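Colleague: Sharing a structure with you now.
The values are calculated or read from the model by the stated rules, or taken from the named source; none is laboratory data. Being a predicted model, the structure only gives us computed values, none of them experimental. Note: ideal-geometry Cβ built from the backbone for every residue, glycine included; neighbour counts use all protein chains shown. Note: accessible area is taken over every heavy atom of the protein model, side chains too, but ligands, DNA and RNA are not part of it. Shrake-Rupley method; radii C 1.70, N 1.55, O 1.52, S 1.80 Å.
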Amino acid sequence: MEREHHPGRRALLGAAALGAGAAVLGGAGTAVAAERGATSGFGGLPVPTVIAHRGTSGYRPEHTLGSYQLALDMGADVIEQDLVPTKDGHLVCRHENDITGTTDVAGRPEFASRKTTKKVDGTALTGWFTEDFTLAELKTLRAKERIPGTRQRNTLYDGRWDVPTLEEVLRWAEEQGKRRGRPVWLHIETKHPTYFRKLGLGLEERLAKLLRAYGREGKDAPNFLQSFEPSSIQRLAKLVSAPRVVLFDAPDVRPADFTEAGDPRTTADLVKPEGLKWIATFAQGVGPWVDLIIPRDDSGKLGEETTLVPDAHAAGLIVHPYTMRNENQFLPADFRRGTDPAAYGDAFGAFKRYFETGIDGIFSDNPDTALLAQADFLKE
């Protein structure tokens, strides 16, 4: 859920923080004015909501129980999981089915023959893929930091955790919720659902079955379900009642399911009022790339706001943009400090600017920073 420096790849969501000082859902899709510090219509979550992107991926290897636990201990309001399947149909938490950069698989001689090239949603990728491993095989691998050049300190934890299944995460959330006396909120994304359905590994039915098993399928369930493919959210809407969010990539990007179905619409069409009204018929929110809310100019600085946030609220949708990170290389040029791309910039200033747009929340790799920014904003 986030766009990085891969213009040809579909963006991955990591976005969404329940908007500050703006409109939120007060019921079944009705946007109402809310004072700062109010709660959303979903389980009393604070506004703005801080969503831990893949856990605390700014401090621990992403999508590990260690990353999720630290996010919860820091106080994140919601914790995100991305789902891909194994060869034998188990749902595991990885940002992508390509596990070359997030596990030690490349150094495991017993799996050397599994290296292959595949086309995933129109992009050719060479590496190792979850759908070529059974769960038992995948469990022998160890997770590692995805961007060690930027987050060298995170490599300290390479090999400490394995790849968690969604069921393990649901069990962990249940245990942690009982310990804390409140539900642990999750933000669960189906990755490349059309691609996997064509392989006979449909995600939605498997996800719905697990949600029902853990009592997380209802309209008041403590989790959001999200996807870049609207048809995946439509399918989930028929299976469960849990809150649902459609993710948006860059304006010229066509969702993979639209390409498969011959639907010519792109993100630019979906962010228009008519597109948002259509989405509101089967979802409760949208998760746009932050640049769809405030585009950057040629110098990388923030420009003029679009009307996406008020238009989404008018359609009764909450807005969960992605992704905020502390490092200079990810921040708008206005908020960078110094010349080291891996050094921290003025993340607090950037959070404040995004919160002022009225978004309903934001995904962050650094939930502790986001929570401080949240507190600052609520004091104003």
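Colleague: Can you name every residue in the range 43-68 that is in contact (Cβ under 8 Å) with a residue 24 or more places away in the chain and open to solvent by 20 Å² or more (accessible area, probe 1.4 Å)?
Modeller: Correct list: GLY43, PRO46, TYR59, ARG60, LEU65.
Okay, residues lined up against (1) in contact with a Lys or Arg (Cβ under 7 Å, 6 or more places away or on another chain); (2) aromatic (Phe, Trp, Tyr); (3) surrounded by 22 or more Cβ atoms within 10 Å (Cβ to Cβ); (4) part of a loop (DSSP other than H, G, I, E, B):
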| position | (1), (2), (3), (4) |
| --- | --- |
| ALA106 | no, no, no, no |
| PHE111 | no, yes, no, no |
| LYS118 | no, no, no, no |
| ALA124 | no, no, no, no |
| ALA136 | no, no, no, no |
| VAL163 | yes, no, yes, yes |
| GLU167 | no, no, no, no |
| ARG171 | no, no, no, no |
| HIS187 | no, no, yes, no |
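Colleague: Can you run down the residue pairs with Cβ atoms below 8 Å, 6 or more apart or on separate chains, where the first is in the range 119-132 and in contact (Cβ under 8 Å) with a residue 40 or more places away in the chain and the partner is open to solvent by 30 Å² or more (accessible area, probe 1.4 Å) and aromatic (Phe, Trp, Tyr)?
Modeller: Qualifying pairs under 8 Å: VAL120/TYR195; ASP121/TYR195.
Colleague: Further question on the same structure: Can you tell me how many residues within the range 345-361 are surrounded by fewer than 18 Cβ atoms within 10 Å (Cβ to Cβ) and farther than 17 Å from PRO310 by Cβ?
Modeller: Residues in the range 345-361 being surrounded by fewer than 18 Cβ atoms within 10 Å (Cβ to Cβ) and farther than 17 Å from PRO310 by Cβ: 4 in total.
Colleague: Just to be sure before I move on: is GLU327 surrounded by fewer than 23 Cβ atoms within 10 Å (Cβ to Cβ), among the charged types (D, E, K, R), without any contact (Cβ under 8 Å) to a residue 40 or more places away in the chain and out of contact with any helix residue (DSSP H, G or I) (no Cβ under 7 Å at 6 or more places or on another chain) in the structure I sent?
Modeller: no
Colleague: Within the range 283-302, track down each residue that is touching an Asp or Glu at 6+ places or on another chain (Cβ under 8 Å) and either open to solvent by less than 10 Å² (accessible area, probe 1.4 Å) or aliphatic (A, V, I, L, M) (or both).
Modeller: GLY285, ILE293, ILE294, LEU302
Colleague: In the range 186-209, which residues are small (Gly, Ala, Ser) and on the phi < 0 side of the Ramachandran plot?
Modeller: GLY202, ALA208
Colleague: State all residues of the range 138-159 that are open to solvent by 20 Å² or more (accessible area, probe 1.4 Å) and more than 21 Å from THR86 (Cβ to Cβ); if no residue qualifies, say none.
Modeller: ILE147, PRO148, GLY149, THR150, GLN152, ARG153, THR155, LEU156, TYR157, ASP158
Colleague: Just the residues that are touching a helix residue (DSSP H, G or I) at 6+ places or on another chain (Cβ under 6 Å), farther than 15 Å from THR281 by Cα, assigned to a helix (DSSP H, G or I) and among the charged types (D, E, K, R), please, taken from the range 207-257.
Modeller: Listed by number, the list holds a single entry, ASP257.
Colleague: For the range 306-324, which residues satisfy the criterion of being assigned to a loop (DSSP other than H, G, I, E, B) and open to solvent by 30 Å² or more (accessible area, probe 1.4 Å)?
Modeller: Answer for the range 306-324, where residues must be assigned to a loop (DSSP other than H, G, I, E, B) and open to solvent by 30 Å² or more (accessible area, probe 1.4 Å): THR306, THR307.
Colleague: Checking LEU91 against (1) open to solvent by less than 50 Å² (accessible area, probe 1.4 Å); (2) out of contact with any Pro (no Cβ under 9 Å at 6 or more places or on another chain); (3) among the aliphatic types (A, V, I, L, M), only one condition comes out false. Which one?
Modeller: (2)
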